[in-house]
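Report on the structure given below.
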Amino acid sequence: GGRLVVISFHSLEDRLVKRFLRDHARVDPALRALPIVPVSALPDLALLTTRAVRASAAEVARNPRSRSAVLRAAEKQR
């Protein structure tokens with residue numbers, strides 16, 4: 001499992017990243033009700049960060065540009 005880490009600086013960029021990670025980390029809702037989910041329907045990614053990671057107040061004080069940075073991470077499953 002490789003890891004994917006994305007830092008975005010704009011809310012629209014973050015929205016795209018969030019949707020991509022969410023869509024690839026879920027089992028298809030239509031297949032979720034099956035007793036045995038086919039291997040091909042299993043998620044491609046496992047989220048490493050459930051929420052966006054933002055810079056701490058101390059980091060923003062040292063580096064004001066980090067204020068808008070948002071980090072999201074996932075790990076490849078197959």
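Only one of the numbered conditions (1) out of contact with any Ser or Thr (no Cβ under 9 Å at 6 or more places or on another chain); (2) surrounded by 12 or more Cβ atoms within 10 Å (Cβ to Cβ); (3) part of a helix (DSSP H, G or I); (4) without any contact (Cβ under 8 Å) to a residue 12 or more places away in the chain is violated by Val60, and that is (1). How many of the residues in region 38-57 are within 19 Å of the chain's Cα centre (by Cα), closer than 29 Å to His10 by Cβ and part of a helix (DSSP H, G or I)? Residues in region 38-57 being within 19 Å of the chain's Cα centre (by Cα), closer than 29 Å to His10 by Cβ and part of a helix (DSSP H, G or I): 0 in total. Residues of region 2-11 that are in contact with a strand residue (DSSP E or B) (Cβ under 6 Å, 6 or more places away or on another chain) and either surrounded by 12 or more Cβ atoms within 10 Å (Cβ to Cβ) or at positive phi (or both): Leu4, Val5, Val6, Ile7, Ser8. I'd like to check something: does region 18-37 contain any residue that is more than 22 Å from Gln77 (Cβ to Cβ), part of a helix (DSSP H, G or I) and modelled with pLDDT of 95 or more? No, region 18-37 has no match at all. Confirm whether Arg67 is among the basic types (Lys, Arg) and either at pLDDT 95 or above or surrounded by 13 or more Cβ atoms within 10 Å (Cβ to Cβ) (or both). It is true that Arg67 is among the basic types (Lys, Arg) and either at pLDDT 95 or above or surrounded by 13 or more Cβ atoms within 10 Å (Cβ to Cβ) (or both). Consider Asp14 carefully, then state whether it is of a type in the set (Asp, Glu), out of contact with any Leu (no Cβ under 7 Å at 6 or more places or on another chain) and either exposed (fewer than 13 other Cβ atoms within 10 Å of the Cβ) or not in a helix (DSSP H, G or I) (or both). So Asp14 fails the test.
The values are calculated or read from the model by the stated rules, or taken from the named source; none is laboratory data. Everything numeric here is computed off the predicted structure, so don't read it as measured data. Please note: Cβ atoms are built from the backbone with ideal geometry, for glycine as well, and neighbour counts cover all protein chains shown.
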